[in-house]
Amino acid sequence: MDPYDRISLAVAAAAGAAPSSHLSTLAIHGGQWPDPATGAILTPIYQSTTFRQEAVGRHKGYTYTRQANPTVEALERNLGALEGALPAAAFATGLAALATLFLTVLKAGDHVVLSSVIYGGTVRLLRRVLHDFGVATTLVDTTSEAALRAALARPTRLALVESPGNPTLVLTDLAMVARVAREAGALVAVDNTLLTAALQRPLDLGADVVVYSTTKYIEGHNATVGGALVTRDPALLERLKFVRNATGCPQAPFDAWLTLRGLKTLPLRMARHSAVAQCVAEWLERHPRVSWIRHPGLASFPQRDLARRQQGGGGGMIAFEIAGDAERLMSAVKLCALAENLGAVESLITHPATMTHGSLTPEERREMGVSDGLVRLSVGLEDPETIIADLDQALGA
Ligand SMILES: Cc1ncc(COP(=O)(O)O)c(C=O)c1O
């Protein structure tokens, strides 16, 4: 029996339920087996572009690393196992994954609907690049079913949503989007970068494709850039891999190996990120300089019921605004680092208006609620008291 099936079945038997309920075991073992040649418990890094072939047309499934690589495939099996899906397609970056999704499912004349609160690079790719190839994009407030239905009245090939939306953490009801978009004949993709399969399972809620920047929580240690697409549709997966090979943007073997190592602790890290962020958010909410704060774990979170229904935890991200100079706060932090990234063990603080969403127009930022005073905090895995002490001194500065 394929060892991948053996692990999945063992987990299912132990759980008496779907394998998805034993994510820690799947994160460590899903799609992994000791190296048949040596017994090495970790998948080796197959750092080779080229694979020797036995005869013309006869080989072991690998010819050239742009097309397929055993270490990258180990990562793809693991990502797929976590999502209860086919092995994923892994990419050089999250944006390479998004670009491949768009090049695979869209053609000139197609229309895309995006949730209005979404990573700025996704909007830039569609509006500043694919627009010139005849793809139209509409940003819509996907918290409103009526607004979504109105946008989908125009024939739509793809609906892509992010929940929580980066950076203001507005939630979208993914089951609603899947139902309404499917009725309208659109494919549904969910960027699950901010929560991962450990806290949210878009395919179970009706999505066709899950998008990841593995750069964030999936790898989790600020060590790699990477992306992934996960689906249960074999024909779509085959086409995605065809386009990935044609455009040349797969994940590299060493980065795949580092990502695999990060994945082993994903459920543990996501639970801890949520717990530490909860402490920090509750403290920030009481601070007199904080004018508003959003974190899905807070009792005051406006979409608390949806957060409870859809997410397995609050996640590690906090959005807030302060009275006064937000840029001064961000320059005064010492433990937290002022940086563009999110989702790593180190706490990172970001100014979305000039950093992650700086490529958008002021109108686009206004539409997304990205004000100049907005602060995004990616809470790491440090002791919460130390993060709070750092924010306290920076807010007093
Ligand atoms: C939600 C989300 N999706 C996609 C991306 C793009 O990923 P990458 O930076 O790995 O290309 C990012 C990057 O910040 C992101 O935050």
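The values are calculated or read from the model by the stated rules, or taken from the named source; none is laboratory data. The shown structure was predicted, so the numbers you read here are calculated from the model rather than taken from an experiment. So basically every Cβ, Gly included, is an ideal-geometry build from the backbone, and we count neighbours across all protein chains shown. Heavy atoms of the whole protein, side chains included, go into the accessibility calculation; ligands, DNA and RNA do not. Shrake-Rupley method; radii C 1.70, N 1.55, O 1.52, S 1.80 Å.
Among the candidates Thr168, Thr172, which residue alone is within 30 Å of Leu374 (Cβ to Cβ), open to solvent by less than 10 Å² (accessible area, probe 1.4 Å) and at pLDDT below 95?
Answer to the selection: Thr168.
If we keep just the residues of the range 356-396 that are touching a Lys or Arg at 6+ places or on another chain (Cβ under 6 Å) and either farther than 30 Å from Leu268 by Cβ or modelled with pLDDT under 95 (or both), which is surrounded by the most Cβ atoms within 10 Å (Cβ to Cβ)?
The qualifying residue surrounded by the most Cβ atoms within 10 Å (Cβ to Cβ) is His357.
Please return the ranges of helices (runs of 4 or more DSSP H) entirely within the range 227-310 where 3 or more residues are open to solvent by less than 40 Å² (accessible area, probe 1.4 Å) and farther than 15 Å from Glu73 by Cα.
Correct list: 266-286, 304-310.
I'd like to know if the range 56-68 contains one or more residues that are buried (at least 18 other Cβ atoms within 10 Å of the Cβ) and under 30 Å from Ser21 (Cβ atoms).
No: the range 56-68 contains no residue that is buried (at least 18 other Cβ atoms within 10 Å of the Cβ) and under 30 Å from Ser21 (Cβ atoms).
Is it the case that some residue within the range 334-349 is hydrophobic (A, V, I, L, M, F, W, C), more than 15 Å from the ligand (Cβ to nearest atom) and open to solvent by less than 10 Å² (accessible area, probe 1.4 Å)? I'd like the intermediate steps shown before the answer.
Within the range 334-349, the first condition is being hydrophobic (A, V, I, L, M, F, W, C), and the residues that meet it are 335-339, 342, 344-345, 348-349.
Next, only the ones that are more than 15 Å from the ligand (Cβ to nearest atom) stay: 335-338, 345.
From what's left, open to solvent by less than 10 Å² (accessible area, probe 1.4 Å): 336.
The answer is yes, given that some residue of the range 334-349 is hydrophobic (A, V, I, L, M, F, W, C), more than 15 Å from the ligand (Cβ to nearest atom) and open to solvent by less than 10 Å² (accessible area, probe 1.4 Å).
Go through (1) within 10 Å of the ligand (Cβ to nearest atom); (2) more than 25 Å from Ala146 (Cβ to Cβ) for Glu162 and report which single condition fails.
With respect to (1) within 10 Å of the ligand (Cβ to nearest atom); (2) more than 25 Å from Ala146 (Cβ to Cβ), Glu162 is out only on (2).
If the requirement is being within 14 Å of the ligand (Cβ to nearest atom), in a helix (DSSP H, G or I) and open to solvent by less than 10 Å² (accessible area, probe 1.4 Å), which of these qualifies: Leu95, Leu101, Leu75? Spell out how you get there, then give the answer.
Numbers: Leu95 fails: open to solvent by less than 10 Å² (accessible area, probe 1.4 Å); Leu75 fails: within 14 Å of the ligand (Cβ to nearest atom).
Residue meeting the stated conditions: Leu101.
Identify the residue in the range 132-160 that is assigned to a loop (DSSP other than H, G, I, E, B) and of a type in the set (Ser, Thr, Tyr) and, among all such residues, is surrounded by the fewest Cβ atoms within 10 Å (Cβ to Cβ).
Filtering the range 132-160 for residues assigned to a loop (DSSP other than H, G, I, E, B) gives 134-135, 141-144, 153-157.
Retained after the next criterion (residues that are of a type in the set (Ser, Thr, Tyr)): 142-144, 156.
Working: Thr142: 30, Thr143: 20, Ser144: 14, Thr156: 19.
Across the range 132-160, the extreme among qualifying residues is Ser144.
Quick one: how many residues across the range 302-329 are closer than 26 Å to Thr214 by Cα and either within 16 Å of the ligand (Cβ to nearest atom) or free of Cβ contacts under 8 Å to residues at least 60 places away in the same chain (or both)?
Residues in the range 302-329 being closer than 26 Å to Thr214 by Cα and either within 16 Å of the ligand (Cβ to nearest atom) or free of Cβ contacts under 8 Å to residues at least 60 places away in the same chain (or both): 10 in total.
Taking the condition away from the ligand (no atom under 14 Å from the Cβ) and open to solvent by less than 50 Å² (accessible area, probe 1.4 Å), does Ala89 pass?
Numbers: away from the ligand (no atom under 14 Å from the Cβ): yes; open to solvent by less than 50 Å² (accessible area, probe 1.4 Å): yes.
Answer is yes for this residue.
How about the range 207-235: which of its residues are within 9 Å of the ligand (Cβ to nearest atom) and more than 21 Å from Trp257 (Cα to Cα)?
Answer for the range 207-235, where residues must be within 9 Å of the ligand (Cβ to nearest atom) and more than 21 Å from Trp257 (Cα to Cα): there is none.
So, in the range 187-207, exactly how many residues are in contact with a helix residue (DSSP H, G or I) (Cβ under 7 Å, 6 or more places away or on another chain), open to solvent by 10 Å² or more (accessible area, probe 1.4 Å) and more than 26 Å from Val375 (Cα to Cα)?
Residues that pass the stated criteria total 5.
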